[in-house]
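Heads up, the thing below is written out as structure tokens.
The values are calculated or read from the model by the stated rules, or taken from the named source; none is laboratory data. Everything quoted here is computed from the prediction, not taken from an experiment. Counting neighbours? That spans all protein chains shown, and the Cβs are built from the backbone with ideal geometry, glycine included.
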Amino acid sequence: MKICIPIKTNEGLNSQLDDHFGSAAFFLLYDTQTCIFETISNHNSRHQHGMCNPLNVLDSHDVNIVICKGIGARAVKTLQESDIKTFCTNGRVVRDVITQYEQQQINEITVENACKNHICEH
């Protein structure tokens, strides 16, 4: 299983999470089977509100899950169409998020409960 976590600092497992998926500077990709991670740049981080296109960045990385603090409905729908599930976290650094995932302490984000105008109520 490969997890994508949007981050604002590139410090490996100590990377700080970005508050919102589409505007993250980087994505940390974590393989749950091998515990190996890599960081990729989000060249789509600067965009007009609602115009995020996450698959342009993630398409070739075989991501199964996105875990983030906030994400809009359009991005959730786009990810769902590619069979990528989205989950919400309150973790501050990647290491915390991975622990939450392993302990099943995260909830799925759907189009219905996604952020609206950068206001998230998960």
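Checking the stated criteria, GLU112 turns out not to satisfy the condition of being over 26 Å from GLU11 (Cβ atoms), in contact with a Phe, Trp or Tyr (Cβ under 7 Å, 6 or more places away or on another chain) and either crowded, with 21+ Cβ neighbours inside 10 Å or at pLDDT below 95 (or both).
Looking only at residues of the range 60-94 that are under 14 Å from PHE27 (Cα atoms), in a helix (DSSP H, G or I) and touching a Leu at 6+ places or on another chain (Cβ under 7 Å), we find that the one that is modelled with the highest pLDDT is VAL94. Residues of the range 59-96 that are out of contact with any helix residue (DSSP H, G or I) (no Cβ under 9 Å at 6 or more places or on another chain) and closer than 14 Å to LYS2 by Cβ: ASP59, SER60, HIS61, ASP62, ASN64, ASP83.
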